[in-house]
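The values are calculated or read from the model by the stated rules, or taken from the named source; none is laboratory data. Model, not experiment: these values are computed from the prediction. As a convention, Cβ positions derive from the backbone with ideal geometry for all residues, glycine included, and neighbour counts pool all protein chains shown.
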Amino acid sequence: MKPENQKALDDFLARADAISDDILADTREMLGSMPFILPVQRERPEYFALSSIADEMVCRPKHLPPKTAELVALAAAASAGAEYCVQVHIRAAAKEGASRDEIYDTIMIAALVGKTRVLAPALRELCNALPRDTKERQESR
């Protein structure tokens, strides 16, 4: 690493404790609650500060309004079965102006995609193992 970049990184890491505290406060403001994992991750301030800054940039992208970003996060959490993340992102989406109907529709879309994750490989294996005809076996690959 170039010396000037190493110095910038060292300066950042020297302030990791204060930066981590700011990140926790900003997260509470942004989401309206505190996800369980963040204070635990904060026990390692250097890791937490670096990781959380990247996460915040992903969660609040330049090209999506905050409400849309929260609905996407909710869909991902629901599809992944992350119950507590679903709770956090439902509240955060509502805080950003999402209606109950928008949140409901987002959950239903996530459920559709989630069930596809189960159905597609299972039905593909069924068709491979017990095809109705030769064409079905070829199409399932």
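Taking region 54-83 as the range and being polar (S, T, N, Q) and at pLDDT 95 or above as the test, only T68 passes. Inspection of region 30-37 identifies at least one residue that is hydroxyl-bearing (S, T, Y), closer than 25 Å to A111 by Cβ and either modelled with pLDDT of 95 or more or out of contact with any Gly (no Cβ under 9 Å at 6 or more places or on another chain) (or both). Annotation: of all residues in region 98-139 being among the aliphatic types (A, V, I, L, M) and over 23 Å from E70 (Cβ atoms), the one that is modelled with the lowest pLDDT is V118.
If you check V86, V40 for being more than 28 Å from F12 (Cα to Cα) and at pLDDT 95 or above, only one passes: V86.
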